[in-house]
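Take a look at the structure below.
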Amino acid sequence: MLSIKVPPLGESIVEATVSRWLKKEGDVVAAGDTLVDLETDKITVEVPALKPGKLTKRNKKEGEVVHVDDVLGELDETAVPAGVGAAQPSASATSAPAPAAQSAAPTPAPSSPPAPARSAPSPAPAQAESVKSSPAARRVADERGIDIAAIAGTGRGGVVSKPDVLAAPAATERAPVAPWASTPAPGAPSRGGNGMTSGERETREKMSTRRKRIAENLLQSQHATAHLTTFNEIDMSAINALREKYKEKVEKEHGVKLTFMPFFVRATCQALRQFPLVNSQIDGDTIVYKHYVNMGIAVASEQGLVVPNIKDADRKSTIELGREISEVAKRARDGKLTMDDLTGGTFTITNGGVFGSLISTPILNYPQVGILGLHKTQDRPVAMNGQVVIRPMMYVALSYDHRIVDGQQAVLFLVRVKELVEDPAAMLIE
């Protein structure tokens, strides 16, 4: 009998949550088949079968917290029919739940613990495979008894997302969902004018491991630093004109969409060279200067906020930055980030403007001492050369740790970023 254990999870990660079992007890699996997904505060870890066999026992339930080397289950290596091996699919592949059919690719962790099993039938595997949908969308559809094939996807390329499933009309449900008793208990409140019982007015959902860790890190950042934010605004006219002029050429020749983010990364790297304290770190009573820039890019995913970083961003061209930003953002949304993507960052940029934010005060990505917040570009009247003109303006915010970064340095750093973005040609001669 082979024990299935929690593998090493990565630097400084000691626990995970059992996100989803992809195989049932009694399933015959091939070597390499993913048995279970584990959700950590940073990434989703797939635990594969090291040898072919039959899954005889699942020791840990979905939603349970586990630690490195904990036994997740047991695999009987002797109960393998002839012909089952690493190169062949599991004998139970056609009977596994729909999401398991796609277990060969890394799967983002669900945003909430699994709900109790329901008797509503799952869609046929062939039907589920034909629908483009995110893993979280398939999980929620399965929990709520909704036929995902009947939902129109609003994601890129028609992909059905989790919000699409949550907004699906009742007509697409395969079976009624009854998380509570249909007959009120004696003395229970009757339905009000909105047709809801008191039990429907509130629900409780346990935080995922990742959400708990995000909360802890943000709280630690606020408590462990002298947090302060300074603001400025940037005229985006020059960057917009440059992008309009070259975006088709760059996309055609390099396969890169020319967004404004790589310009901000380039400008920030050059400003950090001039103000190295903003790129440093405190270690006890010592200041650690980083003579390189690993630029963190905050990305919103279905599992929560993640901050992958571009290694040695200060040594890369604008086009190289654009390509790497696009690739790392896609890995974040697909749940395919590695530990290397998420460690070693020295400074962070977050862009709330993609969601319409006009101004905000970003929280430091501890133990970093600086984070730049970008916001929505909006046409506003500004005074230029004694005249009022309309310009595409963006508010920018720099949050910094006042323990080592003085206000003067923070303000001058942000002014330098503003100067470089408003005059992109200056970046070429820096």
Of all residues in the stretch 3-57, which are in contact (Cβ under 8 Å) with a residue 12 or more places away in the chain and small (G, A, S)?
S3, G10, A16, S19, G26, A30, A31, G32, A49, G53
Any residue in the stretch 272-290 that is farther than 25 Å from V411 by Cα and touching a residue at least 40 places away in the same chain (Cβ under 8 Å)?
no
Residues located in the stretch 69-79, provided they are within 19 Å of A16 (Cα to Cα) and exposed (fewer than 14 other Cβ atoms within 10 Å of the Cβ):
D69, V71
Suppose the filter is of a type in the set (A, V, I, L, M) and over 28 Å from E422 (Cα atoms); does L258 pass it?
no
So which residues in the stretch 33-75 are at negative phi, modelled with pLDDT of 85 or more and in a loop (DSSP other than H, G, I, E, B), if there are any at all?
D33, A49, L50, K51, P52, N59, K60, K61, E62, E64, V68, D70
Starting from residues that are surrounded by fewer than 21 Cβ atoms within 10 Å (Cβ to Cβ) and of a type in the set (S, T, N, Q), keep the ones in the stretch 352-380 and report whichever is farthest from I13 (Cα to Cα).
Q378
Within the stretch 206-316, considering only helices (runs of 4 or more DSSP H) that don't extend past its boundaries, which have at least 2 residues that are over 21 Å from the mean Cα position of the chain (by Cα) and among the hydrophobic types (A, V, I, L, M, F, W, C)?
237-254, 261-274
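The values are calculated or read from the model by the stated rules, or taken from the named source; none is laboratory data. What you are looking at is a predicted structure, and each value in this text was computed from that prediction instead of being measured. Here the Cβ is made from the backbone with ideal geometry for all residues, glycine too, and neighbour counts use every protein chain on show.
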